[in-house]
Amino acid sequence: MLRSSALIALVLSARALLAADPSFAEYVPYDTKVLAGVEVRAIVDSDWGKAVVEQVKSANGDALMKGLPLKGVDVINDVDEVWIASSSVDKKAPSLVILRGRFDKSRLPAAIGRYHAVPLMPMDAKREQLLALVDPSTIFAGDRLGVERAIDRRGLKSMDAHLATAAAALRTRYWIWAIGDRLQDLATPNKTAPQGLDAATGFEFGLSLNRDLEMAAQIHMKTADDAQKMLGTMAMLQMMAKSQQKGASQLNIESRVTGTTLDVSLRVPEEELKQAWEQQRAAIAESLSQLPQQIAAVRSGKPFNPAAVSPQARTQGGAHAAPTQANRAPVGDKSKIYSDQDGNTVQVTLPDR
């Protein structure tokens, strides 16, 4: 438990951070239940970020950049930070995306109208999703209603105080972070949530990769019994993770329950990350080469079919490529597990399936 002086200092520092950067706090809707952020500049400027950028450029990077819905925005060079706000945990719920950085109006799509003098630009052919260039350093993205309401909120600082404090603390420590708040107030239960998470009332999550990979999460449950059930789920996941490790590993996963709150932390040493990176470079290159097609499939509402990707892209993964039809067990065969050359499970065939 924080002492009162420490708590006051945390609140004051949070307010100071958001006061120095008001364009986030004043645009986030008060009814936001899920808020996520990505410190793009911190990631891109890091050693790991530079390695990923190099990998992206070598794996059809131009096509990937063109496939992104933010036409005219160079994510790597233009964007410093992104916030995503939603009033629901449902992935189909409308979201407001706020981008901070440096944006050149001449490279953005032509405006189809204005709202309170702010130019509105289409993100899709149906003009259902819009970009709003609030100023040279701020862009909104979302449906028309969400974007217009965000413009109306300028200067009002309507963001929930608890959410603002939590966001300020997380963004100073982590590259990628997320908060779920007042989830019990949702009009409809989250039936699509993983088992156990439907009893969550809130969560905080953060991930950084300065040298080691560090992840921390807190999940707030409705009851202490719900928290203990989630702890059991985490214990099972830890056992599965350990069973997948090859040889000695310094991967450290810890979880514990205090009252109705489950705390989870994960740490992967830098050396282990480097080894994994080198071992999976081909698979990563294959995944990156398929991203433009995946993005196009999501935007069109059609399922992504890896088989439709060019044979050259599919074979870049080498030993990590998916098993061919000839390797698959016929219907009605006994249960079998198929592995690639590294021993990774790539297919499980059940009887009569």
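Just so it is clear, none of the values below were taken in a lab; they were calculated from the coordinates. Bear in mind the structure is a predicted one, so any value in this text is a computation, not a measurement. Here Cβ is always computed from backbone atoms with ideal geometry, including for glycine, and neighbour counts include all displayed protein chains.
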Shape category assigned to the stretch 75-228 from the gyration tensor of Cα positions, a/c cut at 1.5: prolate
Pairwise label distance in nanometres, residue 287 with residue 30, each label 7 Å out on the Cα-Cβ vector: 4.1 nm
Sites residue 54 and residue 271, calculated FRET efficiency, Cβ-Cβ separation with R0 25 Å, nearest 0.05: 0.80
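Can you tell me what the convex hull of the Cα atoms of the stretch 106-168 projects to on average, as an area in nm²?
5.2 nm²
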